[in-house]
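Novice: Below you will find the structure I want to go over with you.
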Amino acid sequence: HKLFGGNSDQMNEDEEMRIRVIIRKRPMSSSEKKSTKEVDVIHPLDYDGYGKIFVYHPKTRVDLTREIETLPYAYDNVFDESSCNKGIYEQTIRSIIPSVFEDGKMASVFAYGQTGSGKTFTMMGCNVTGIHAGRNEDNRANYGLYYMAALDVFQLAELEEFSHMSIGISLFEIYGG
């Protein structure tokens with residue numbers, strides 16, 4: 001939408017995509033950094049349009065020599081531990097919101113990962129989890145993706161051309177076991 005100032009190439013590409021897989025590497029915790037047993041085995045790379053991750057897997061061969069196998073994985077986008085939520089939102093989610101209004105399409109965004117992998121921080125923002133939980137700090141770079149999407153959805157909903165629409169939003173947290 002012109003309100004968001006997006007380029008048409010990016011929007012056309014987003015309209016073609018049905019599912020995008022986006023990876024965010026969380027920083028190692030201070031206890032992980034201090035531990036001699038913990039090793040940073042993930043190396044994210046960004047290639048201007050898609051991302052790649054190298055996973056370094058230590059192995060011991062049958063002859064007991066040690067080696068590190070490098071396993072490459074490709075994704076639609078990859079973000080390293082220095083990435084902020086705002087940058088992730090701008091590159092991955094913001095451009096799909098206008099299609100919900102203009103074309104009547106549906107959109108879903110969800111986070112998947114093990115406990116402690118950063119899902120809540122990414123989706124809900126820095127004031128909901130971690131050391132900043134419950135604080136009334138204004139860290140716009142790390143508002144949650146849900147919050148930023150809601151701001152854009154309601155900004156579009158206020159426009160005259162979309163005044164006939166109503167908005168329904170659901171949020172689910174599913175824990176398996």
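The values are calculated or read from the model by the stated rules, or taken from the named source; none is laboratory data. For clarity, every value in this text was computed on a predicted model and none was experimentally measured. When we count neighbours, we look across all protein chains shown, and the Cβ atoms used for this are built from the backbone with ideal geometry, even at glycine. Keep in mind that these areas ignore ligands, DNA and RNA; they rest on the heavy atoms of the full protein, side chains included. Shrake-Rupley method; radii C 1.70, N 1.55, O 1.52, S 1.80 Å.
Novice: Filter the range 19-38 down to the residues that are within 21 Å of Glu67 (Cβ to Cβ) and in contact with a helix residue (DSSP H, G or I) (Cβ under 9 Å, 6 or more places away or on another chain) and list them by number.
Specialist: Quick first cut of the range 19-38, residues within 21 Å of Glu67 (Cβ to Cβ) only: 36-38.
Glu38 - this is the single residue of the range 19-38 that is within 21 Å of Glu67 (Cβ to Cβ) and in contact with a helix residue (DSSP H, G or I) (Cβ under 9 Å, 6 or more places away or on another chain).
Novice: Quick one: how many residues across the range 138-156 are open to solvent by less than 70 Å² (accessible area, probe 1.4 Å) and in contact (Cβ under 8 Å) with a residue 40 or more places away in the chain?
Specialist: Narrowing the range 138-156 to residues open to solvent by less than 70 Å² (accessible area, probe 1.4 Å): 139, 141-145, 148-150, 152-153, 156.
Those left that are additionally in contact (Cβ under 8 Å) with a residue 40 or more places away in the chain: 141-145, 148-149, 152-153, 156.
Selection size over the range 138-156: 10.
Novice: Assuming Asn127 fulfils every condition listed in (1) assigned to a loop (DSSP other than H, G, I, E, B); (2) at pLDDT 85 or above; (3) open to solvent by less than 50 Å² (accessible area, probe 1.4 Å) apart from one, which condition is it?
Specialist: Failing condition for Asn127: (2).
Novice: Residue check: is Glu90 modelled with pLDDT of 90 or more, open to solvent by 50 Å² or more (accessible area, probe 1.4 Å), part of a helix (DSSP H, G or I) and on the phi < 0 side of the Ramachandran plot? Full working, then the answer.
Specialist: Values: modelled with pLDDT of 90 or more: yes; open to solvent by 50 Å² or more (accessible area, probe 1.4 Å): yes; part of a helix (DSSP H, G or I): yes; on the phi < 0 side of the Ramachandran plot: yes.
So Glu90 fits the description; yes.
Novice: Out of the range 42-51, which residues are assigned to a strand (DSSP E or B) and either open to solvent by 60 Å² or more (accessible area, probe 1.4 Å) or without any contact (Cβ under 8 Å) to a residue 24 or more places away in the chain (or both)? Quick ask: steps written out before the conclusion?
Specialist: Going through the range 42-51, the residues assigned to a strand (DSSP E or B) turn out to be 42-46, 51.
Result: Ile42, His43, Asp46.
Novice: Another question, if that's okay. Does the range 57-69 contain any residue that is open to solvent by 60 Å² or more (accessible area, probe 1.4 Å) and of a type in the set (Ser, Thr, Tyr)?
Specialist: Start the filter on the range 57-69 by keeping residues that are open to solvent by 60 Å² or more (accessible area, probe 1.4 Å), which leaves 57-69.
Narrowing the set further to residues that are of a type in the set (Ser, Thr, Tyr) leaves 60, 65.
Looking for residues that are open to solvent by 60 Å² or more (accessible area, probe 1.4 Å) and of a type in the set (Ser, Thr, Tyr), one finds at least one in the range 57-69, hence yes.
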